[in-house]
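Notes to accompany the following structure.
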Amino acid sequence: MKQPNINVKKQSGAILVVGLVLLLVLTVLGISTMSTASLELNMAGNDQFSENAFQLAETGIDVTIANVNAGVGVPPPLAPGVCPAFNAPAAVPAMGGMVATRICFSGDVADFSGSSSIGKIRQYHFETEAQGIAQGGASSWHHQGLFVLGPDAP
C-alpha cells in the first residue's frame, strides 16, 4: 500500500488577514446602517410632532369659529386692530399637546349682499389666530379671517 504524498507547506496566514479585513468592512457597514436607521426614526418622530402641532392649531381655529357661530366668545367690535392677549393654552390630551387662541376685531363695513338690507346690516370682520404646541417643542401658527353679520350701529 502506498502512502499518499502529502506535501505540507508552511502557511503564511494570508486568509486570516483577508477574513479580518472583511469582518471589519461588515462591522463598519452595520454601524452605518444602524446610525442611518436611528436618524430616520428621529426624523419621523419630529415630522409627527410637527403634524400634531399643525392639527392642534387647526383645531383651535375650528373651535373659535364654532364658538363665533354659536354666538360665544365674540369680542365687542370696539377698536379695530387691537388684539387681546392669547387665551391660556388649553391642553388637548388626545393629541398630546396644547393650543392657545385669540380673536381680534379688524373692522366693519356695510353689508352689500342684499338690496333690502342695505343700511340695516353690517359685516363685522374678525381675525382669529391659534398656536398649536406639540411634543418635542414643535409649534404651528394659523391665522384665519371671518366675518359676522350684525345690526348696523344706530
Quick check: net charge around TRP141, other residues with Cβ under 12 Å of its Cβ, Lys/Arg +1 and Asp/Glu -1? -1
Can you tally the net charge around ALA130? Count Lys and Arg as +1, Asp and Glu as -1, for every other residue whose Cβ sits under 12 Å from the Cβ of ALA130. -3
Roughly speaking, what is the stretch gain from LEU22 to SER38, that is 0.36 nm per residue apart minus the C-alpha to C-alpha distance, in nm to one decimal? 3.3 nm
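Each reported figure results from applying straightforward, stated rules to the coordinates on display, with no laboratory input. Quantities reported herein were computed from a predicted structural model and do not represent experimental measurements. Counting neighbours? That spans all protein chains shown, and the Cβs are built from the backbone with ideal geometry, glycine included.
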